[in-house]
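The values are calculated or read from the model by the stated rules, or taken from the named source; none is laboratory data. Just so you know, these numbers come straight off a predicted model, no measurement behind them. No Cβ is skipped: glycine too gets one built from the backbone with ideal geometry, and neighbour counts run over all protein chains shown. Side chains are part of the model used for accessible areas, which takes the heavy atoms of the whole protein and leaves out ligands, DNA and RNA. Shrake-Rupley method; radii C 1.70, N 1.55, O 1.52, S 1.80 Å.
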Amino acid sequence: MHPFHAIQRRGLAIASLLALTASGALAQGTPVTITFDDAVRLALKQNVAVRQAENAVATSTATVRQRSAAFLPSFSVSTNTSESYGYTFNQNEGRIVDQTTTSVNLNANSALTVYDGGRNTAQLRESRLSNEANDSDLTRARQTAVFTAAAGFLTLVQREEQVRVQRDNLAAQMAQDSVIQRMVRAGARPISDQYQQQATVASSQYALVTAQRDLELARVSLIRTLQLDPRGSYHFMAPSISDSIRVVRFDLDSLLTKALGSRADLEALDTRLEATAFTIRNASGSRLPQVSMSLGYGTAFNSASNLSFGDQFNQRRSGSLGLALSVPIFDRRQSSVAAQQARIAADNARLSVQDRRLAVAAEVREAYLNHTAAVEQYDAARAQYAAAELAANTQARRYAVGAGTLVEVTTARAQLVQAASAVITAKYTVAFQQSTMSYYVGDMTPEVASLAALSGAAPR
């Protein structure tokens, strides 16, 4: 398929999805299926921060056009018509007339700033750099939107897995309750075991309800993140997830080097710091002389003359060419104050860059440590689950032959559920840390963001 056709189809798909979310069908409970790719596209299209960043880029782009146009000459055409009654002095005829006269004046004027102390050049450079900074802010906003959507999507999938674990546990506890009831009726176990198991079943039901509530809260959070209609009904389709995750090993020094050279938010601050030099130059330029040039051309008609309209316009043509020089002597210290404020702003921008570089390094280091800990927790959780499964099966067999107690069975089963939950949490934590590490270092491409790490695919 041609790439353009693929883009077209994706655009139509997301447009259809947006139309469905805004339609009344959602209010009637018609479920809309949303995949991870759909969630990414919705986040990029509807995220408030992204849209505000796009507006900022549009505004700064218009400012660049405005500052560029300042180098062009202005041009205007004006005309005025008047009618006089009674005695009037006709400037064109040089005499007083007593009649109704009609006069028409037509003028064209042009002006050009030749030199204004370099302020227009500084303003143009500053606006271009500000536009570049806004572009970088937009890039980071898009990355953050995808990161937030991915986090919400993975949290939802994780909660779904937790519900499955609790549901399986409830089914196992209910099956165990049936076995104990038969054993109590047969006199093989005391009635207290049945009561204790019924309490365990009730506790499992409570845990399942809690897990289902957490799942719904995660779904509501994702709906809010994607700016979907809260009245709608949605089915979030999880990506295929492998039971085992191929662990990626990261190097902290490489991550820090890449982040400090690739993060769009840091690039935006660096660009704004560069723009402050031109802000200072703009403020200082008001102390320098200014040179401007003007050009005028006009003609006139007056009915008091005996000449025809065309002859008058031809004979009364006039033009002017002017060159103006303005030298500021004293401006009540406005220029010096503006320059001082600009230098202070530049120093603040420099401090912001330094602070952001430290923050970026801290974020990357934290992400690296979280990933390292998540990998270790994942390995430990799998080992814990394997041991808990063996213990639970052993205790169940011992209880069945009368060699164990229900307390031992219940404890082993609770440890198995806890281990299964820990495996799910650790697995999704590792997957999330690996798939979003590109966000922390700043080389994420929002349009092609994926969760390859979740499917066990080889990392790039």
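Answer yes if at least one residue in segment 390-408 is basic (Lys, Arg) and surrounded by fewer than 20 Cβ atoms within 10 Å (Cβ to Cβ), and no otherwise.
Checking segment 390-408: at least one residue is basic (Lys, Arg) and surrounded by fewer than 20 Cβ atoms within 10 Å (Cβ to Cβ).
Among the listed residues Ala412, Ala422, Ala383, identify the single one that is modelled with pLDDT of 80 or more, over 37 Å from the mean Cα position of the chain (by Cα), among the hydrophobic types (A, V, I, L, M, F, W, C) and open to solvent by less than 50 Å² (accessible area, probe 1.4 Å).
None of the other options fit; the residue is Ala412.
For segment 277-308, what are the residues that are open to solvent by less than 60 Å² (accessible area, probe 1.4 Å), of a type in the set (A, V, I, L, M) and within 19 Å of Leu72 (Cα to Cα)?
Answer for segment 277-308, where residues must be open to solvent by less than 60 Å² (accessible area, probe 1.4 Å), of a type in the set (A, V, I, L, M) and within 19 Å of Leu72 (Cα to Cα): just Val291.
Out of all the residues in segment 111-141, which are open to solvent by 30 Å² or more (accessible area, probe 1.4 Å) and over 21 Å from Val50 (Cα atoms)?
Ala111, Leu112, Thr113, Val114, Tyr115, Arg119, Thr121, Gln123, Arg125, Glu126, listed by residue number.
So that you can scan it fast, the table gives a plain yes or no per residue for (1) within 30 Å of Val48 (Cα to Cα); (2) of a type outside the set (A, V, I, L, M, F, W, C):
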position: Gln196; (1), (2): no, yes
position: Thr200; (1), (2): no, yes
position: Ser203; (1), (2): no, yes
position: Leu208; (1), (2): no, no
position: Gln212; (1), (2): yes, yes
position: Gln227; (1), (2): yes, yes
position: Pro230; (1), (2): yes, yes
position: Leu252; (1), (2): no, no
position: Thr257; (1), (2): no, yes
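Taking Val360 as the residue in question, decide whether it is within 30 Å of Phe278 (Cβ to Cβ) and crowded, with 20+ Cβ neighbours inside 10 Å.
Considered against the rule, which asks whether it is within 30 Å of Phe278 (Cβ to Cβ) and crowded, with 20+ Cβ neighbours inside 10 Å, Val360 comes out as yes.
Within the group Ala218, Ala264, Ala277, Ala259, which residue is in contact with a Ser or Thr (Cβ under 9 Å, 6 or more places away or on another chain) and under 30 Å from Arg350 (Cβ atoms)?
Ala264
Check off (1) at pLDDT 90 or above; (2) assigned to a helix (DSSP H, G or I) for Thr113 and give me the number that stays unchecked.
Thr113 satisfies every listed condition except (2).
Going by what's in this entry, would Glu447 be described as touching a residue at least 60 places away in the same chain (Cβ under 8 Å) and not polar (S, T, N, Q)?
Taking the combined requirement at face value, the residue satisfies it.
Out of everything in segment 325-344 that is aliphatic (A, V, I, L, M) and open to solvent by less than 50 Å² (accessible area, probe 1.4 Å), what residue ends up being nearest to Thr102 (Cα to Cα)?
Ala338
Take the conditions more than 30 Å from Val430 (Cα to Cα), surrounded by fewer than 21 Cβ atoms within 10 Å (Cβ to Cβ) and among the charged types (D, E, K, R) and apply them to Arg167. Does it pass?
In short, no.
Could you check segment 109-123 and list, in sequence order, the residues that are closer than 14 Å to Gln66 by Cα and touching a strand residue (DSSP E or B) at 6+ places or on another chain (Cβ under 8 Å)?
Selection gives Asn120 alone.
Let me confirm something: among Thr225, Thr257, Thr271, which residue is of a type in the set (Ser, Thr, Tyr) and open to solvent by less than 20 Å² (accessible area, probe 1.4 Å)?
Thr271
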